[in-house]
Amino acid sequence: MMDYKNYIGGTWVETQASQANVNPSDVSDVLGHAAKSSAELMEQAIDAAHQAAPQWAASTPQQRFDVLDFVGSEILARKEELGRLLSREEGKTLPEGIGEAARAGQIFKFFAGEALRQAGDRLASVRPGVEIDVTRSPVGVVGMITPWNFPIAIPAWKVAPALCYGNSVVLKPAELVPGCAHALVEILSRSGLPDGVVNLVFGRGSEIGPVLVESDKVKAISFTGSVPTGRGIAAACGQKLKKVQLEMGGKNPMVVVDDADLNLAVDACLNGAFFSTGQRCTASSRLIVTEGIHDRFVNALTDAMKALKVGHALEAGTQMGPVVDERQLQQNLSYVEVAAKESGRVIGGERLNRETEGFFMSPALVTDTDNAMRINREEVFGPVASVIRVKDYDEALAVANDTAFGLSAGICTTSLKLASHFKANAEAGMVMVNLPTAGVDYHVPFGGTKGSSFGSREQGRYAAEFYTTVKTAYTLP
Ligand code: UN1
């Protein structure tokens, strides 16, 4: 059994460990216990990051490349083992866990390369003889608060760019998945980073999160999680005039129009709605389907959904693992109930028993819904999707955009004209044509509009916007 310790100033710090890391596929399998840190320990981690910041800010591109490349190589070499750990603590299937671990490795590799490609602009001044340089400097200490649903990829896509651009880090991972964050930081601890550049603090978000957000030594906060928590963080950062980046919920529409390739649309919706047990902010949760294809689509998707094998995440052949914990399972089931009460027709959505005691449920499809129903307004964060029948593409687009969220939006169509129109007019940060709304590349920007995101984009070269400060220097030689 593992004892997940905090990592502060280059040392693994012994703390009273009390938060159990439980396998959602089998609650008798406890992976370990994580530190439940005090505000004081969080302060220590912030101090360590603050002290180490100038040294890392002055590091060369080669040093940054070497660290990030080392971490990326080790994650990729160990992707099976790390993927197994991920699936065991979070519950996504083993192929999904291995895929996510590989993604984390690739993210480090990408930013290793970016460390060598940090360029600025040199411009002529409007004044004679004056030269202008526009360059990027590190921000300083960056605080990161990460969710349980991507336990290694999300810490990776925050930590890697932070280090690439010369910042130091305090990472506060989700309580439910300490194992992956611990494994990642353990690799970072052997990567050649100076002590204090990366710090890891386990504990309750409500207790140690505010310390991180409010500290004057922390210059920026990157958060992925719920809208209410994000709002609170943004308000606190606003008070402190601190940089903030939020990735929050989604109620992502997938439009299926009459001319869609039916098999492709069913595959995209099955994947988008139910893979990773629907626990993705990019999940396709509103399937908006035009009249001419509606019944064929619903029948085919229902068959495909019912055929999904739900079970232990580590068992070969499992296509959908458990829900992450009892609280989330109850939330999912209560949304199914709400949808039924609101006159939706529910297929699936029942608690399931398996050989091991875990948080299993059958995927749920709610048909005959309209966009005003709660099931179509609020994020469930589980394997629950609803179908909204519409007359035509114009109505589909209007319904797709009628939401408080704007992370990802998809369309299944064989029409270039509709695809182009949708790309231009969907109010979302990411648009997918004939692809699931979830499952993104690691080298391009990730983020949304409206209530889904706040601040500049994560990932790809666009990450530089958040992790650096722009400096404009004028010289009269
Ligand atoms: C994906 O769909 O590949 O929390 C990534 C989430 C997102 C990541 C989704 N931040 O679900």
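The values are calculated or read from the model by the stated rules, or taken from the named source; none is laboratory data. Bear in mind that the values here come from a model prediction, so they are computed numbers and not experimental data. Cβ sites come from the backbone with ideal geometry, for glycine too, and all protein chains shown count toward neighbours.
The strands (runs of 3 or more DSSP E) found entirely in region 386-477 that carry 1 or more residues being more than 30 Å from residue 133 (Cβ to Cβ) are 408-412, 430-433. Of all residues in region 128-152, those satisfying the criterion of being within 22 Å of residue 80 (Cβ to Cβ) and either in contact with a Phe, Trp or Tyr (Cβ under 6 Å, 6 or more places away or on another chain) or surrounded by 24 or more Cβ atoms within 10 Å (Cβ to Cβ) (or both) are 149, 150, 151, 152. Only one of the numbered conditions (1) within 16 Å of the ligand (Cβ to nearest atom); (2) among the basic types (Lys, Arg); (3) assigned to a loop (DSSP other than H, G, I, E, B) is not met by residue 158, and that is (3). Residue check: residue 319 meets all listed conditions (1) surrounded by fewer than 18 Cβ atoms within 10 Å (Cβ to Cβ); (2) within 23 Å of the chain's Cα centre (by Cα); (3) not assigned by TED's automatic domain parsing to the domain that holds residue 407 but one, namely (3).
Which ones in region 433-459 are more than 10 Å from the ligand (Cβ to nearest atom) and in contact (Cβ under 8 Å) with a residue 24 or more places away in the chain? Answer for region 433-459, where residues must be more than 10 Å from the ligand (Cβ to nearest atom) and in contact (Cβ under 8 Å) with a residue 24 or more places away in the chain: 434, 435, 443, 449, 450, 451, 454, 455, 456, 457. Would it be correct to say that residue 333 is at negative phi and part of a strand (DSSP E or B)? Spelling it out, it is not the case that residue 333 is at negative phi and part of a strand (DSSP E or B). Restricted to region 135-155, and to residues there that are more than 11 Å from the ligand (Cβ to nearest atom) and among the small types (Gly, Ala, Ser), the residue that is nearest to residue 323 (Cα to Cα) is 143. State whether one or more residues within region 140-147 are in contact (Cβ under 8 Å) with a residue 40 or more places away in the chain, under 30 Å from residue 96 (Cβ atoms) and not in a strand (DSSP E or B). Yes, region 140-147 contains at least one residue that is in contact (Cβ under 8 Å) with a residue 40 or more places away in the chain, under 30 Å from residue 96 (Cβ atoms) and not in a strand (DSSP E or B). Considering 302, 282, 277, the condition of being surrounded by 17 or more Cβ atoms within 10 Å (Cβ to Cβ) and either more than 15 Å from the ligand (Cβ to nearest atom) or at positive phi (or both) is satisfied by 277 alone.
When region 305-320 is filtered for residues that are closer than 17 Å to residue 365 by Cα and touching a strand residue (DSSP E or B) at 6+ places or on another chain (Cβ under 8 Å), the ones remaining, listed by number, are 305, 306, 308, 309, 310, 319, 320. Selection within region 2-58: residues that are closer than 18 Å to residue 91 by Cα and β-branched (Val, Ile, Thr). The member of this set that is surrounded by the fewest Cβ atoms within 10 Å (Cβ to Cβ) is 30. So which residues in region 336-375 are of a type outside the set (A, V, I, L, M), assigned to a helix (DSSP H, G or I) and over 26 Å from the mean Cα position of the chain (by Cα), if there are any at all? Those that are of a type outside the set (A, V, I, L, M), assigned to a helix (DSSP H, G or I) and over 26 Å from the mean Cα position of the chain (by Cα): 337, 341.
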